[in-house]
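Below: the structure, in structure tokens.
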Amino acid sequence: MLKKMGEAVARVARKVNETVESGSDTLDLAECKLVSFPTGIYKVLRNVSGQIHLITLANNELKSLTSKFMTTFSQLQDVPVEKLAAMPALRSINLRFNPLNAEVRVIAPPLIKFDMLMSPEGERAPLP
């Protein structure tokens, strides 16, 4: 069991390092056996988080994403609505102050059975 956990941690570290070193706009953490978004990733990505526009978290065991995730990656633009719609336990997702594309704004509401919070198009987060 510890060996599998170690392999999963190493996989996450490898994928995060690839994103940082390549300057990619994509962070692929699919199939990493995540139950939560690791807090250490925020520190590693602090210099590149603003350029990340796509995060893949498919095939994990996530129960929730924190508000820190949403504020750190507030520039995410594409939301996989069909994948969210297929999550029967999902009750709410807060995507406020993200520059969501028009397709997400139009297609999402009729497909989903949970609360999806969005800011009006073009609205920015208040300055601290």
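The values are calculated or read from the model by the stated rules, or taken from the named source; none is laboratory data. Keep in mind it's a predicted model, so treat the numbers as computed, not measured. Heads up, the Cβs are rebuilt from the backbone with ideal geometry, glycines too, and the neighbour counts pull from every protein chain shown. For accessibility, only protein heavy atoms count, side chains too; no ligands or nucleic acids. Shrake-Rupley method; radii C 1.70, N 1.55, O 1.52, S 1.80 Å.
Would you point out which residue out of Leu65, Leu54 is open to solvent by 50 Å² or more (accessible area, probe 1.4 Å), in contact with a strand residue (DSSP E or B) (Cβ under 6 Å, 6 or more places away or on another chain) and under 19 Å from Ile93 (Cα atoms)?
Leu54
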Fill in the blank from the handout: Just one listed residue, out of Val20, Val16, is more than 13 Å from Asn59 (Cβ to Cβ) and over 16 Å from the mean Cα position of the chain (by Cα), and it is Val20
Handout entry: Pairs, first at negative phi in the range 48-68, second open to solvent by 40 Å² or more (accessible area, probe 1.4 Å) and charged (D, E, K, R), C-beta under 6 Å, six or more apart
Key = Gln51/Asp25; Ile52/Asp25; His53/Asp25; Thr56/Asp28
